[in-house]
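Below is one structure; the comments refer to it alone.
The values are calculated or read from the model by the stated rules, or taken from the named source; none is laboratory data. The structure displayed is predicted, hence computed values, not measured ones. No Cβ is skipped: glycine too gets one built from the backbone with ideal geometry, and neighbour counts run over all protein chains shown.
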Amino acid sequence: MSTTSSVSRRAFLSGLIGAGGLLLAAPASGGTLRKLLRPADGESFEPSLWLAIQPDGLVRIVTHRSEMGTGIRTTLPMVLADELGADWERVELSQALGDARFGDQNTDGSRSIRQFYEPMRRAGAAARLMLEQAAAAQWGVPTRDCTARDHAVHHSDGRDALPFGELVAAAAALSVPADDALRFRSPSERRYVGKGVPSYDTADIVRGTARFGLDVPAKGALTAVIARPPVVGASVAALNDDDARDVEGVIDVIQLDTPRGAPGFAPLGGVAVVAGDTWSAMQGRAALEIEWGASPHDAFDSAADRDARLESVRQPGVVVRQKGDVNVAFAEAARRVSAEYSVPYLAHASMEPPCALAIVKDGAAEIWAPTQNPQAAQGMVAGALRIAPDRVSIHVTLLGGGFGRKSKPDFVVEAALLSQRMGGRPVRLVWSREDDIRHDYYHAAAAVAFEAGLDAQGELLALRGRTAFPSISSTFSAGVDQGSSGELAQSFSDLPYNVPALQLEVCKAEAHLRIGWLRSVCNIFHAFAAGCFVDELAHARSQDPVQHLLALLGPDRHVDLLAEGVQYGNYGESLDTHPFDVGRIKNVVRLVAQRSGWGGELPRGRGRGVAVARSFVADAAVVVEVDIAKDGKLRIPRVDIAIDCGTVVNPDRVRAQLEGAVIFGLSLALHGEITAENGAVVQSNVHEFKLLRMSEAPLQIHTHLVESSAPPSGVGEPGVPPVAPALLNAVFAAVGQRVRDLPLARHDLSWT
């Protein structure tokens, strides 16, 4: 295959028109496909571009989502190529710029496959039918006797096939068929979907020629680093930049404004040092003398903040889901079981810190960045520069990880502002690892409390839960002090348990940092608390944790959350398409238990833990096995993870993401913690915000995929939420110690 290129929409169109190619598009929102190219017509076409077949037979597919290790740049085009009947070795991918015509380009929320699987199938099926119609006309036979496969159209009588390239001109003259005329390949006819192909970028990554954010060449580019305020909302009160300007290589020192109110996606402000190279810029920044002004968050202390959240969940909150009367049930209970759980702030710490290259001149901006959301970057840059969005071109590079951080375009705006201030010279903005960790959009810390009421026989009568965490909404609106309905419907208000009386409440928590989404979002702390508490109930009721979990989930059924007052749920998907199916949840629990060898006695110091969570309309269950030495040293011999994500498009990528989810979840559970003193984040690099080391990783990770014909659901995030509770439940099974306050590394696990 050819090397991936990044092209503008107009250049792509012009090249295809000049070559007399066939060009198709599928609306992101569905609907009828429309013909987009007539050889004599040089106008732009709507909607956005997906597929082009050129006279030499090359199939060119535009990929509009960002590649950050999930394989989405391979998987979405693979769906289209499979329906088309293309030979993958004759497919070339082009990375789309940020453009509203592509529909949603924000690569987060585990939505890429579940939202664009059908549009890609339609685009491929429509093109295939047009090629078959063109071949039928040339042969003078019915279209039903023609089949596109292996990059050519074949006739049922075995005559010589017609290659795609030979049919381009005739197919381009046809009208794109309506949706109801399309026929989709059956699973047995598929060449790629369900089987997979090697990731398109792997060879370039291995050779070192893949282009990540800092790899974009630009003649004469300057380098910039920024000293940002240590406390959110602070601005420069006094600046002495004489020593910085004296550093060899430093060209300029530029002060940036601090935004007022909710931070949103705007840069934090501060002082930028622009130099001819990265080292000089960093040395210049180190020489700055800055006095920072006051901020409303100067007194923020994460330890006191944790105590405040725990106190908050000890008081009644706002009811977000109710079934039965918990007060009556608790009054009748013979016994109560309760627990409080606490999770700290977390940073993204992706392998590649934020960076961007910007050229702003002549009233236009050209930017290259590892962004998950090029349209948000386009809009924010346009607003900051006070130009129209169509004057801003956002080129998406490969991302060295993202986890949600790079969907916030503050760093892209910084680069654009600095290029503008430097008179249009190219400016390469560099964030160090310290910048990344100290100025992140942090995942919210949380306190979650559960209480259960049992009768004299140990039967569960009632369950009450309370949660308190600073909301992501606080980043966009000042004064927000409790979680939103969307955040609550992430393993809290949408709990699947079958309980006679259930009441779930949200309590208050203030935000003092920029709060953002991290891989699996609020499922991280909600699934941790719920998964651990279910295990605590199992032991309180003297039941096997797997059998207890299955019984608590209750009969197979579709849960109607609206009937119990839940305002938002199902991750924006229709319950008709993605039902809340308890039977599927129970199935992954049974699968992971069976495959992990659950059951049987283990010696003291060895233990297994289980947990399950439904998130991003997928069901995932995990069993973690631990081995804890008497001195408290923890080993993880094995982790099993099972998922029902509907139709599996690219099995290898699904398995890789599950393996990554295990490592990610263990890293957060064992070490993840961001703290703050006097408003400023304490941690500066990975020696303080620690990540999982190879020596701590599981010796074995086994992935188990449920075969399903259901619509595809999320994959990138659903594997994360059950990992932490399964780990902590395994620790209890091994040494009898309940850990309810993360990270685990702060706790002594030694035993005698």
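Every residue in the stretch 687-701 that is of a type in the set (A, V, I, L, M, F, W, C) and surrounded by 14 or more Cβ atoms within 10 Å (Cβ to Cβ), please. Spell out the reasoning first.
Taking the stretch 687-701 and keeping what is of a type in the set (A, V, I, L, M, F, W, C), we get 689, 691-692, 694, 697, 699, 701.
Once the filter is applied, which keeps residues that are of a type in the set (A, V, I, L, M, F, W, C) and surrounded by 14 or more Cβ atoms within 10 Å (Cβ to Cβ), the stretch 687-701 yields Phe689, Leu691, Leu692, Ala697, Ile701.
Which of the residues belonging to the stretch 647-666 are closer than 14 Å to Val624 by Cβ and surrounded by fewer than 22 Cβ atoms within 10 Å (Cβ to Cβ)?
Glu659, Ile663
Cβ-Cβ below 9 Å, separation at least six or inter-chain, first residue in the stretch 476-503 and over 20 Å from Asp560 (Cα atoms) and free of Cβ contacts under 8 Å to residues at least 12 places away in the same chain, second assigned to a loop (DSSP other than H, G, I, E, B) and not acidic (Asp, Glu): which pairs?
Final answer for the pair search is Gly479/Ala262.
Applying the selection to the stretch 92-113, what residues are modelled with pLDDT of 95 or more and closer than 24 Å to Pro177 by Cα?
Scanning the stretch 92-113 gives a single hit, Ile113.
Select from the stretch 272-298 the residues that are among the hydrophobic types (A, V, I, L, M, F, W, C) and touching a Gly at 6+ places or on another chain (Cβ under 7 Å) and write down the one among them that is nearest to Leu214 (Cα to Cα). Before you say what the answer is, go through the steps one by one.
Taking the stretch 272-298 first, the residues among the hydrophobic types (A, V, I, L, M, F, W, C) are 272-275, 279, 281-282, 286-288, 290, 292, 294.
In the following step, the residues that additionally are touching a Gly at 6+ places or on another chain (Cβ under 7 Å) were identified as 273, 275.
Values: Val273: 18, Ala275: 16 Å.
The extreme case among them is Ala275.
If you check Leu562 against the conditions, is it in the same structural domain as Ser713 (by TED's automatic domain parsing), surrounded by fewer than 22 Cβ atoms within 10 Å (Cβ to Cβ) and part of a loop (DSSP other than H, G, I, E, B)? Write out each step before concluding.
On the way: in the same structural domain as Ser713 (by TED's automatic domain parsing): yes; surrounded by fewer than 22 Cβ atoms within 10 Å (Cβ to Cβ): yes; part of a loop (DSSP other than H, G, I, E, B): no.
Taking the combined requirement at face value, the residue does not satisfy it.
Residues that are out of contact with any Leu (no Cβ under 9 Å at 6 or more places or on another chain), at least 1 per element: which strands (runs of 3 or more DSSP E) completely within the stretch 386-486 meet that? Show your work before the answer.
Details: elements: 392-396, 427-430, 446-454, 460-468.
Answer list for the stretch 386-486: 446-454.
Failed condition for Lys586, given (1) assigned to a strand (DSSP E or B); (2) within 14 Å of Leu495 (Cα to Cα), with all others met?
Here Lys586 clears every test but (1).
Return the total of residues in the stretch 572-624 being surrounded by 23 or more Cβ atoms within 10 Å (Cβ to Cβ) and either within 20 Å of the chain's Cα centre (by Cα) or hydroxyl-bearing (Ser, Thr, Tyr) (or both).
The total comes to 12.
In this structure, does Lys408 turn out to be touching a helix residue (DSSP H, G or I) at 6+ places or on another chain (Cβ under 9 Å), crowded, with 21+ Cβ neighbours inside 10 Å, of a type in the set (Lys, Arg) and at pLDDT 95 or above? Show your work before the answer.
Details: touching a helix residue (DSSP H, G or I) at 6+ places or on another chain (Cβ under 9 Å): yes; crowded, with 21+ Cβ neighbours inside 10 Å: yes; of a type in the set (Lys, Arg): yes; at pLDDT 95 or above: yes.
Against the criterion (touching a helix residue (DSSP H, G or I) at 6+ places or on another chain (Cβ under 9 Å), crowded, with 21+ Cβ neighbours inside 10 Å, of a type in the set (Lys, Arg) and at pLDDT 95 or above), Lys408 qualifies.
Within the group Glu332, Glu366, which residue is over 29 Å from Ala669 (Cα atoms), of a type in the set (D, E, K, R), touching a strand residue (DSSP E or B) at 6+ places or on another chain (Cβ under 7 Å) and surrounded by 18 or more Cβ atoms within 10 Å (Cβ to Cβ)?
Details: Glu332 fails: surrounded by 18 or more Cβ atoms within 10 Å (Cβ to Cβ).
Going through Glu332, Glu366 in turn, just one is over 29 Å from Ala669 (Cα atoms), of a type in the set (D, E, K, R), touching a strand residue (DSSP E or B) at 6+ places or on another chain (Cβ under 7 Å) and surrounded by 18 or more Cβ atoms within 10 Å (Cβ to Cβ): Glu366.
Taking the stretch 684-739 only, how many residues are hydroxyl-bearing (Ser, Thr, Tyr) and under 29 Å from Asp440 (Cα atoms)? Steps first, answer last, please.
Of the stretch 684-739, the ones hydroxyl-bearing (Ser, Thr, Tyr) are 684, 695, 703, 708-709, 713.
Within this subset, residues satisfying the condition of being under 29 Å from Asp440 (Cα atoms) are 684, 695, 713.
The number of residues fulfilling the criteria is 3.
Right, Glu536: over 30 Å from Val731 (Cα atoms), charged (D, E, K, R) and in contact (Cβ under 8 Å) with a residue 24 or more places away in the chain or not? Before the answer, list the steps.
On the way: over 30 Å from Val731 (Cα atoms): no; charged (D, E, K, R): yes; in contact (Cβ under 8 Å) with a residue 24 or more places away in the chain: yes.
Criteria not met by Glu536.
Does Gln547 satisfy the criteria of being polar (S, T, N, Q), assigned by TED's automatic domain parsing to the domain that holds Glu340 and assigned to a helix (DSSP H, G or I)?
Values: polar (S, T, N, Q): yes; assigned by TED's automatic domain parsing to the domain that holds Glu340: yes; assigned to a helix (DSSP H, G or I): yes.
The answer is yes for Gln547.
Of all residues in the stretch 220-273, which are surrounded by fewer than 17 Cβ atoms within 10 Å (Cβ to Cβ) and among the basic types (Lys, Arg)?
Arg245, Arg260 - these are the residues of the stretch 220-273 that are surrounded by fewer than 17 Cβ atoms within 10 Å (Cβ to Cβ) and among the basic types (Lys, Arg).
Which of the residues spanning the stretch 644-670 are farther than 18 Å from Ala611 by Cβ and either touching a strand residue (DSSP E or B) at 6+ places or on another chain (Cβ under 8 Å) or at pLDDT below 95 (or both)?
Once the filter is applied, which keeps residues that are farther than 18 Å from Ala611 by Cβ and either touching a strand residue (DSSP E or B) at 6+ places or on another chain (Cβ under 8 Å) or at pLDDT below 95 (or both), the stretch 644-670 yields Gly646, Val648, Pro651, Val654, Arg655.
Which residues, counting only those in the stretch 285-331, are more than 21 Å from Thr258 (Cα to Cα), assigned to a helix (DSSP H, G or I) and in contact (Cβ under 8 Å) with a residue 12 or more places away in the chain?
Ser302, Ala303, Asp305, Arg306, Ala308, Arg309, Leu310, Ser312, Val326, Val328, Ala329, Phe330
Table: residues versus (1) modelled with pLDDT of 95 or more; (2) within 26 Å of the chain's Cα centre (by Cα); (3) not assigned by TED's automatic domain parsing to the domain that holds Thr647.
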position	(1), (2), (3)
Arg693	yes, yes, no
Pro698	yes, yes, no
His704	yes, yes, no
Glu707	yes, yes, no
Gly714	yes, yes, no
Ala726	yes, yes, no
Val739	yes, no, no
Thr752	no, no, yes
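Name the pairs: first residue in the stretch 168-188 and touching a residue at least 24 places away in the same chain (Cβ under 8 Å) and under 15 Å from Met120 (Cα atoms), second residue part of a helix (DSSP H, G or I) and basic (Lys, Arg), Cβ to Cβ under 8 Å, at least 6 apart or on different chains?
Hits for this filter: Asp179/Arg122; Leu182/Arg122; Phe184/Arg121.
Can you tell me which residue within the stretch 682-691, out of those that are among the hydrophobic types (A, V, I, L, M, F, W, C) and within 24 Å of the chain's Cα centre (by Cα), is farthest from Pro296 (Cα to Cα)? Explain how you work it out, then say what you get.
Kept after step one, since they are among the hydrophobic types (A, V, I, L, M, F, W, C), are these residues of the stretch 682-691: 682, 686, 689, 691.
Okay, now just the ones that are also within 24 Å of the chain's Cα centre (by Cα), so 686, 689, 691.
Details: Val686: 28, Phe689: 25, Leu691: 31 Å.
Out of the qualifying residues, it is Leu691.
Condition (residue is in contact with a Pro (Cβ under 9 Å, 6 or more places away or on another chain), in a helix (DSSP H, G or I) and under 30 Å from Met68 (Cα atoms)) applied to the stretch 166-187: is it met by at least one residue? So that I can check it myself, show each step before the final result.
So the first thing to find is which residues in the stretch 166-187 are in contact with a Pro (Cβ under 9 Å, 6 or more places away or on another chain), and the list is 166, 168-169, 172-173.
Right, trim to in a helix (DSSP H, G or I) and you get 166, 168-169, 172.
Now drop any that are not under 30 Å from Met68 (Cα atoms), which leaves none.
Checked the stretch 166-187: no residue is in contact with a Pro (Cβ under 9 Å, 6 or more places away or on another chain), in a helix (DSSP H, G or I) and under 30 Å from Met68 (Cα atoms).
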